[in-house]
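The values are calculated or read from the model by the stated rules, or taken from the named source; none is laboratory data. Just so we're clear, the structure is a prediction, and the values are computed from it rather than from any experiment. No Cβ is skipped: glycine too gets one built from the backbone with ideal geometry, and neighbour counts run over all protein chains shown. Please note that ligands, DNA and RNA were not included when accessible areas were found on the heavy atoms of the full protein model with its side chains. Shrake-Rupley method; radii C 1.70, N 1.55, O 1.52, S 1.80 Å.
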Amino acid sequence: MPPPEPMPGYGELLRRGYGSLAAAARSCGDCGWRLALRTWAENAHLGWAEVLLCGLCALGWTALRRACSRRLFRPFGEWCQLQPRDAAKMPESAWKLLFYSVSWSYGAYLLFCTDYAFFHDPPSAFRGWQRGMAVPADIALAYLLQGSFYGHALYATAYMDTWRKDSLVMLLHHVVALTLIAASYAFRYHNVGILVLFLHDVNDVQLEFTKLNVYFKHRAGVYHRLNDVVLYATCHSSLQAVPNIPFYFFFNALLLVLTLMNIYWFLYIVLFVAKVLLGQMQEVNDVREYDVLYATCHSSLQAVPNIPFYFFFNALLLVLTLMNIYWFLYIVLFVAKVLLGQMQEVNDVREYD
């Protein structure tokens, strides 16, 4: 097996990615709907039996969620004596935490406990690609679970979940995610698809776990401070003890910057340690999550010069990136409200007041 391709820095990533996109656009002289339909007919392999199975599994997810909410999540919320508003929203986050924990764990198993090499060498995800190539059973199972779940999530967001300010964006996210899952399976881009799902699912695990902490802060009329001790002390208690405390915004802003950088570097440490423990690195190298972007924008064209639906997939991945930036702005808004004293405790800023 050839050694992993060295990953570029941010500047080189932008340069090579833009260069590959521009070159592909210049060489596409007959791009249009007719070419797209012909390319789909020649390269896409997705049978009606697979679509039907995915639809049945989506119905199964919906039934399973209703059963878990009725038999497990709601009784547990009542036993904990949550506030009525929190008790109504808790089953949604508990269900999502359960699914994303299982799906991310299965993705980690595929990437770290099997012979697939495209985690530590993302460009290899496109090497050896052939139209209609067989999808390994374990990866096909991951696609079935994810595709059917996002099919269920479309219905759940509209009719089962609490309606929030970003619910329309969430619906768009599910449409884009389901389209990427189905199309990447049909075009046999399943290797890089597993990487994308793995990197996204871990964020949902952290998000839903944090939301559950918020919902469980008030139990039986008693406030339980679970995860905001330092933030609460620096942003709120400092003003209570010293009303005109000097350089209040300066120090809290620096603490926020440190927190964000620690989270950023912690992800690199986790990836590095995983690769060393699994024997996928023989020496210390840099590890970056944007390797997947490099693989889809640049390395895919190097491995398969006329790779089908190149712009389609990269455009949808860009849309997902923009939506992630949109949700990051909610985090910034939350932090700003805490620093400005407009929030006394952690709450979801997406909720309608």
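Using only the heavy atoms of the protein chains and a 1.4 Å probe, how would 141, 320 rank by accessible area, largest first?
Working: 141 80, 320 10 Å².
Of 141, 320, the descending order of accessible area is 141, 320.
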Place a point 7 Å from the Cα of residue 141 in the direction of its beta carbon; the residues of segment 97-127 whose amide N falls under 16 Å from it are 102-116
Keeping all protein chains in position, work out how much accessible area residue 149 exposes to a 1.4 Å probe, and write it in Å² to the nearest 10.
10 Å²
Heavy atoms of residue 208 accessible to a 1.4 Å probe, total area in Å² rounded to 10
10 Å²
Please find the FRET efficiency linking residue 14 to residue 332, where r is the Cβ-Cβ separation and R0 is fixed at 25 Å, and quote it to the nearest 0.05.
0.60
So how exposed is residue 28, as accessible area in Å² (1.4 Å probe, rounded to 10)?
40 Å²
Evaluate the distance, in nm, between pseudo-label points positioned 7 Å from the Cα of residue 207 and of residue 340 along their respective Cα→Cβ axes.
2.4 nm
If amide hydrogens are placed 1.01 Å from N in the peptide plane, which non-local residues have theirs closer than 5 Å to the one on residue 219?
224
Could you compute the FRET efficiency for residue 63 and residue 108, with r as their C-beta to C-beta distance and R0 at 35 Å, rounded to 0.05?
0.80
